[in-house]
Amino acid sequence: MMWMACVAAILHAGEWDALKDDARLYATAPVRWEAQDWGLLAAAVGGSLLLVPLADQPVRGWMREHQDPTVSRVADVVRQAGNGWWTVPMIGGLWGTGWVLDSPREQRVAREATEALLFSTVVSQGIKYAAGRRRPAGTNDDPWLWNDTRDGTFGNSFPSGHSQAAWSVLTVIGLEYKDVPGIAPLAFATAGACAVSRVYDNRHWTSDVVAGSLLGFASGWAVVKWNRARQVEATPQGVTLHMAF
């Protein structure tokens, strides 16, 4: 229902063509990748998986040993940055503000945030059910339970959906409002804190949140890049393309 409302707002704003273009660019991005792009993907995947033997158990153990009521209350707050019940209304509020104030910027940011969240969620969910990794709670501290269906259920720990959602939306906001003092640091710090909270809450392994964060950041960055490249300004001499990256 929340997704339908968000997409409906985009369509009402006349952004359907941009949404289709960005969906096509996202789906076909690997076709246009060069060697350095594949290298970045390999580094992201390899780095995330390398954390399984190096960090998953030690970090989980440290987090479990350092539980604190104050930290737990903070984690309860920052966790909401990756919760759809928080992100979608926030995006809707951005679009509504842009509509009321007749501000194309806020409407564009709302659409970009929706796109980044939607695209990264599709990829994240696909990986989750392909990997089938068990969440740390109830695994007896075993980070190697992948595609394990012994009890008739399927794991969905890798990657972290909260981390992916927070980073996709807040990356868009951080990049689009980097000219506003404090917005970018706050956005990225909140996304990072949300990711850490998932390990603190024993809901994800460290490798889960790193993979989800990288996916979310890459999705938000790509959507903003495409939209900035698309911005054109009609001038008496013709059309000028403004490249922001």
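The values are calculated or read from the model by the stated rules, or taken from the named source; none is laboratory data. Just so we're clear, the structure is a prediction, and the values are computed from it rather than from any experiment. Using ideal geometry, Cβ is built from the backbone for each residue, glycine included, and neighbour counts are taken over all protein chains shown. Side chains are part of the model used for accessible areas, which takes the heavy atoms of the whole protein and leaves out ligands, DNA and RNA. Shrake-Rupley method; radii C 1.70, N 1.55, O 1.52, S 1.80 Å.
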Legend entry - Cα-based shape type of segment 25-105, given that a ≥ b ≥ c are square roots of the gyration tensor eigenvalues and the cut on a/c is 1.5: oblate
Inset, instruction - Please check which bits of segment 172-210 a label hung off Asn83 would reach, taking the label as a point 7 Å along Cα-to-C-beta and the cut-off as backbone N under 17 Å. - result: 190-204
Legend entry - Solvent-accessible heavy-atom area per residue, rounded to whole Å², over segment 40-146 at 1.4 Å: 53
Legend entry - Partner aspartates and glutamates for Lys178 [C-alpha distance under 14 Å; skip if fewer than 8 residues away on the same chain]: Glu106
Legend entry - Square roots of 5 times each gyration tensor eigenvalue, C-alpha, segment 190-235, largest first, Å: 34, 9, 5
Legend entry - Relative packing of 33-46, 104-117, which averages over residues the other C-beta atoms within 10 Å, highest first: 104-117, 33-46
Inset, instruction - Residues in segment 161-203, backbone N under 14 Å from the label point at Gln125 (7 Å along the Cα-to-beta-carbon vector): list them, ranges by number please. - result: 161-162, 165
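Would segment 145-234 count as rounded, prolate or oblate if I go by the C-alpha gyration tensor, calling it rounded below 1.5 in a/c and otherwise prolate when a/b exceeds b/c, oblate otherwise?
On the way: a/c = 4.70, a/b = 1.99, b/c = 2.36.
The shape class here is oblate.
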Inset, instruction - Would you calculate the separation in nanometres between label points at Lys225 and Trp144, each defined as 7 Å from the Cα along the Cα-to-beta-carbon direction? - result: 3.7
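Apply the membrane-span-like helix rule to the chain: whole DSSP H runs, Cα extent along the own long axis of at least 27 Å, mean Kyte-Doolittle hydropathy at least -0.5. List the helices found.
Numbers: long enough: 104-131 (40 Å, -0.17); 206-230 (36 Å, 0.34).
Helices meeting the criterion: 104-131, 206-230.
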Legend entry - Burial order of peptide ranges 154-165, 189-200 (average beta-carbon count within 10 Å, highest first): 154-165, 189-200
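Could you tell me what a quarter of the Cα convex hull surface of segment 1-155 works out to, in nm² with one decimal place?
Working: hull surface 51.5 nm².
Its average projected convex-hull area is 12.9 nm².
Using a 10 Å cut-off on Cβ atoms, rank the peptides 53-63, 168-178 from the highest mean neighbour count down. Can you show the working numbers first?
Working: 53-63: 15.4, 168-178: 25.1.
In descending order of packing, they fall as 168-178, 53-63.
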Inset, instruction - Mind giving me the FRET efficiency for Trp38 and Ala137? R0 is 25 Å, r the Cβ-Cβ distance, nearest 0.05 is fine. - result: 0.10
Inset, instruction - Quote the FRET efficiency, to the nearest 0.05, computed for Asn202 versus Asp102 with a Förster distance R0 of 45 Å and r equal to the Cβ-Cβ distance. - result: 0.45
